[in-house]
1. Give the Rg/Rh ratio for the stretch 34-117, taking Rg as the radius of gyration of the Cα atoms and Rh as the Kirkwood radius, to two decimals.
2. Taking the mean number of other Cβ atoms within 10 Å as a proxy for protection, how do you rank 42-48, 26-32 from highest to lowest?
3. Go through the stretch 56-64 residue by residue and turn each phi into a ³J(HN,Hα) via Karplus (6.51, -1.76, 1.60, θ = phi - 60°); whole Hz please, and just put x for glycine and proline.
4. How much length is gained if the chain between R68 and K104 is pulled fully straight, taking 0.36 nm per residue apart and subtracting their Cα-Cα distance, in nm to one decimal?
Amino acid sequence: MNKIFFLLTVFGLFLTDLTFAQSEAETAEMFKLKCGICHTIGGGRLVGPDLANVHERRSEEWLLEYIRSSQTMIKNGDPDAVALFEEYNQVIMPDPMISDTEIKSILGYIAANSAGG
């Protein structure tokens, strides 16, 4: 019985590692497709701001809301959202149409790939 439990545990850990690795690769690809067109992580400004260490500048709650729909926040008068919109020549950031879980994964990816991450 102990051998079976041990084998199932090892097998479960192996599958978890594979799932995480696959998820990390998928997150990197999602960043590239959804964010990397206009943003970098430590590479400077493009169309939008450099996202390196964005998790240190804004709360997760604010980032989730902004990424879901920056224009909603701008229309509601959020001062930080309005300031970003003005700073980047009123270029509209399109809503990425991804889940909060996917946004959190991307934020984790950005944190891990920021200087010191």
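Nothing in this text is a laboratory measurement; each read-out follows from the coordinates by a stated rule. Everything numeric in this text was worked out from a predicted model, so none of it was measured. Reconstructed Cβ throughout: ideal geometry from the backbone, glycine too, with neighbour counts over all protein chains shown.
1. My calculation of the ratio gives 0.93.
2. My ranking of the peptides, most packed first, is 26-32, 42-48.
3. Calculated HN-Hα couplings, in order: 8, 8, 9, 6, 4, 4, 5, 4, 4 Hz.
4. The span from R68 to K104 would gain 11.8 nm if fully extended.
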